[in-house]
Protein chains: 12
Amino acid sequence: MAVYKKISLVGTSEKSVEEAIESAIRRAALTLRNLSWFEVKEIRGSIDGRRVTQYQVVLEVGFRLEEEEPI
Amino acid sequence: MAVYKKISLVGTSEKSVEEAIESAIRRAALTLRNLSWFEVKEIRGSIDGRRVTQYQVVLEVGFRLEEEEPI
Amino acid sequence: MAVYKKISLVGTSEKSVEEAIESAIRRAALTLRNLSWFEVKEIRGSIDGRRVTQYQVVLEVGFRLEEEEPI
Amino acid sequence: MAVYKKISLVGTSEKSVEEAIESAIRRAALTLRNLSWFEVKEIRGSIDGRRVTQYQVVLEVGFRLEEEEPI
Amino acid sequence: MAVYKKISLVGTSEKSVEEAIESAIRRAALTLRNLSWFEVKEIRGSIDGRRVTQYQVVLEVGFRLEEEEPI
Amino acid sequence: MAVYKKISLVGTSEKSVEEAIESAIRRAALTLRNLSWFEVKEIRGSIDGRRVTQYQVVLEVGFRLEEEEPI
Amino acid sequence: MAVYKKISLVGTSEKSVEEAIESAIRRAALTLRNLSWFEVKEIRGSIDGRRVTQYQVVLEVGFRLEEEEPI
Amino acid sequence: MAVYKKISLVGTSEKSVEEAIESAIRRAALTLRNLSWFEVKEIRGSIDGRRVTQYQVVLEVGFRLEEEEPI
Amino acid sequence: MAVYKKISLVGTSEKSVEEAIESAIRRAALTLRNLSWFEVKEIRGSIDGRRVTQYQVVLEVGFRLEEEEPI
Amino acid sequence: MAVYKKISLVGTSEKSVEEAIESAIRRAALTLRNLSWFEVKEIRGSIDGRRVTQYQVVLEVGFRLEEEEPI
Amino acid sequence: MAVYKKISLVGTSEKSVEEAIESAIRRAALTLRNLSWFEVKEIRGSIDGRRVTQYQVVLEVGFRLEEEEPI
Amino acid sequence: MAVYKKISLVGTSEKSVEEAIESAIRRAALTLRNLSWFEVKEIRGSIDGRRVTQYQVVLEVGFRLEEEEPI
């Protein structure tokens, strides 16, 4: 039966929670295959004293391990 | 005094967390009256290998029970 | 070494989670200096029976205490 | 073997936590049979500026499903 | 987009955690369509003084709501 | 849109959980306006060896910030 | 320096949360010395189909260990 | 009214979660009367590099205290 | 002193929780040395409308890092 | 009866968890009276690529409110 | 297979978290055999208005039960 | 925008929590660049019957992913 791995990433965006999620997943897809689902674990961000300057979304991303793939 | 019930729904959207929430509430309003508040419990989604294909938001929705309404 | 304080605010918006966060932080910046980061603790909202009328985001906001600042 | 269902209710009272719990259970008993146990999940309430005006107790109520009962 | 509902059930078995899960899902399938996934929330049980007499598994079961289905 | 602040208080009473909650809110109302809701976070107490001598209830109290009010 | 032990008890009452707490502590005081504080962990109860028949309060009770006392 | 105590045990088995639970309860029954229920708190285990060598189940076991029984 | 790494895997099985755990660990052992312990974080599964078709167990697996091993 | 307030601070230190806690409390004592207890909520820190450069301890600090003290 | 018991202790120290842990374990070893591991559950302490006067560490301590040992 | 990865490590020390944290980070820095922050998740340890023989600190370590770096 299939085995999946979950990794923890933090995506960032100046604009929105969704853009932060998508930037993390786009980055993950550069070196990982079979990305299958994500789970948001934390939403936070930085402020420069008066305005939100960055949304930071901690998410877990799950993907199916292939036969010969190192973990 | 009033008694409320809370149910757990999962709304989905290809676009945003807010659209997923609103789709769940619009659906609930088709068969439930007196919807009053919601609480987001989880934000997750599916990926087709490289891009987010669906936001899934688990939310609890509270509504006031009417006198004669079955629970 | 620096000491920070965290306070708990609830921002609201008719439109989005991000706007609710930003409204809380803009309000905090009116009377607090050195706002530095935020952490989302809860996302909830009110419904008028059929539609979301308000997003409510509970967040903790951290800021560096200045030398002589009362806590 | 028996199967149970748990539902989530919010009982309210102007007076006490116990009265809020009991009002939720009395209401549930109007349309549900076999109520068997409850678990308090949250205690909260509203304030009119200076005094508690309502206790709100979120509770889960468990009951045994009968053979032919719709879920 | 699809909307799902999650309900909370307690399955029981004299023998194993898996049998308790399966008995809850078999019961749910009698009156609900489109059952899609489950999540175990608690594993507990009763003892008659010296031996386990019943495994009780609290689980949430998710299913897709159909167009016209009451919630 | 409105912004709310939440503070954390511990009310105490020799008699009951409700009295401890109400004493904290009465005290808060002496110097804060617009108190709007509370959430119980912990119930604990002290014992003098054989009897409960004090109920201690940790609660968060939310109130709407006025325009010019310092946070 | 002092070392304390915490034990977990479940007090019961037909009437109230406070009476359930106090019954557990009175019982503990029969065989334990130096009881010092308690923390409520769960509030639950049983229902006979239509009415609460018993409040059950799970609490941890802390007490100072004496020099030669077995743990 | 009855008072119960809960203790925390770790049962172990080379074979299954259920066997680990049952071994803990059988051991508890050697020196404790009135064992009444259990709650699984953690499931973990040891690996010898390539295979599970032991399931370890942390569980809380509840039992009614008798009149004169030391706690 | 030794340093360990923990990774998060999801094992699957049509039959049991234990088989899902063991399949994840067998897969991990193909490319990782020194596997030492596991902790179950979630038990869930898929349903084809009426029957459990797959147990999915999320677990963390710990292993000792060797001197020169990339993390 | 006494009412207490809890505030949330982050103490920092280059050296140890204890020094971070103590620096937060020393700072709080400059403008708050009656500090009575603290609870550690998080331990974290920053790294400059290879070494811990700062311990950051999030703690809640409780103090008794005086009669006329603004909250 | 072996069965373990876990108990909950609070160690105290004027100086450090580690000293509080070690004092609890040294005390436990006076009347318990086979102490095997500990898990820190809470770190807190008392303040005399301006300085930490005591670190209090809540920890669970696990030990293997011997054949004939009362629980 | 930057994307970060978080990994989970367990550092060990015979002496202190801080030394366990620092040993994990020193080891991570041997094969990872851009280490940026850590979060303590658990503090535990082993006992040889009477004395703490090892502090074990589970921590998450975050680092910025470089352009071409495999995840």
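Every read-out reported here was derived from the displayed coordinates using simple, explicitly stated rules and does not represent laboratory data. All values derive from a computational prediction rather than experimental measurement. Virtual Cβ from ideal backbone geometry, glycine too; neighbours counted across all protein chains shown.
Structure values in brief
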{"read-out": "Tail fraction, Cα-Cα pairs, the protein assembly as shown, threshold 34 Å, whole percent", "value": "55 percent"}
{"read-out": "Charge tally in the Cβ shell below 9 Å around K:Ser13, where Lys, Arg are +1 and Asp, Glu are -1, K:Ser13 excluded", "value": "-3"}
{"read-out": "Under the Karplus curve 6.51 cos²θ - 1.76 cosθ + 1.60, θ = phi - 60°, whole-Hz ³J(HN,Hα) for the stretch D:30-42, x wherever Gly or Pro sits", "value": "5, 10, 10, 9, 6, 3, 10, 7, 9, 9, 6, 9, 8"}
{"read-out": "MRE, 222 nm, helices only [DSSP H, n ≥ 4, -39500 (n - 2.57), over chain I, to nearest 500]", "value": "-7000 deg cm²/dmol"}
{"read-out": "3J(HN,Hα) from dihedral phi, the stretch D:44-53, Karplus parametrisation 6.51/-1.76/1.60, rounded to Hz, x for glycine, proline", "value": "8, x, 10, 10, 9, x, 9, 9, 4, 9"}
{"read-out": "Cα-based reach from G:Lys6 at 12 Å (exclusive), listing aspartates and glutamates while leaving out same-chain residues under 8 positions away", "value": "G:Glu39, G:Glu60, K:Glu60"}
{"read-out": "FRET E, pair D:Arg33, H:Leu30, Förster distance 35 Å, beta-carbon r, rounded to 0.05", "value": "0.30"}
{"read-out": "Cβ-based charge dipole, chain A, positive-most Cα from A:Ser36, A:Gly11, A:Ile25", "value": "A:Gly11"}
{"read-out": "For A:13-23, mean number of other protein chain Cβ atoms within 10 Å", "value": "5"}
{"read-out": "Value in Å of the Kirkwood radius, where the stretch F:4-64 supplies the Cα pairs that are averaged", "value": "11.8 Å"}
{"read-out": "Computed magnitude of the charge dipole of chain F (debye, nearest 20; Cβ of K, R +1, Cβ of D, E -1)", "value": "280 debye"}
{"read-out": "Mean Cβ count within 10 Å, highest first, over the residues of peptides F:17-29, I:31-43", "value": "F:17-29, I:31-43"}
{"read-out": "Partners for B:Lys15 among aspartates and glutamates (Cα-Cα distance below 12 Å; same-chain residues under 8 apart left out)", "value": "A:Glu18, A:Glu19, A:Glu22"}
